[in-house]
Amino acid sequence: MGLRNIFRRRTGLSRGGPTGATVRAAEGADAAHLRAFVSTRRGVEGFVEPRTTVSEVTLLLVAHDGEWTRRRVPSVKWAHDFANRLGVPSYDAAVVGIPQRMREYNRRQKQGEKAPNPFSSPAPPRPTSPDA
């Protein structure tokens with residue numbers, strides 16, 4: 001028995017990536033979270049991320065302002081069907097990439113910036129007349 005076979009047996013890994021024992025499928029809570037994200041934000045788009053050796057298929061949802069969430073899903077087909085049922089456009093992230101607004105949102109969050117809200121900003125100062 002070679003060293004590679006010993007390693008494979010101990011870790012549960014095979015050439016195809018993670019085995020079913022170490023990967024969990026999307027659960028009802030994940031679908032509920034994604035549904036809630038879509039219903040409470042506007043301009044949401046879905047980006048289906050393919051399976052890799054490290055993670056399963058994920059659905060990345062990005063709102064108009066760049067706020068985002070990501071959850072594991074059972075399959076690429078499930079992700080596109082889910083997005084279509086909710087009226088959310090969905091794209092293959094491996095083809096189109098991740099939107100710039102998400103990177104900008106992450107940068108703002110890292111810097112502690114808040115998105116400007118025109119309804120909560122104080123009114124600009126009134127110009128004073130020279131007669132007063």
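Throughout, read-outs are computed from the coordinates displayed, never taken from laboratory work. Quick caveat, the model's predicted, so the values are computed rather than measured.
Here the Kirkwood formula, the inverse mean of 1/r across different C-alpha pairs, assigns the stretch 40-89 a hydrodynamic radius of 11.0 Å. Between the stretch 37-54 and the stretch 56-89, the C-alpha centres lie 3 angstrom from each other. For the stretch 32-102, the relative contact order works out to 34 percent when only alpha carbon pairs closer than 8 Å and six or more residues apart are counted.
The slack in the chain from LEU86 to HIS64, taken as 0.36 nm per residue of separation less the alpha-carbon distance, amounts to 6.3 nm.
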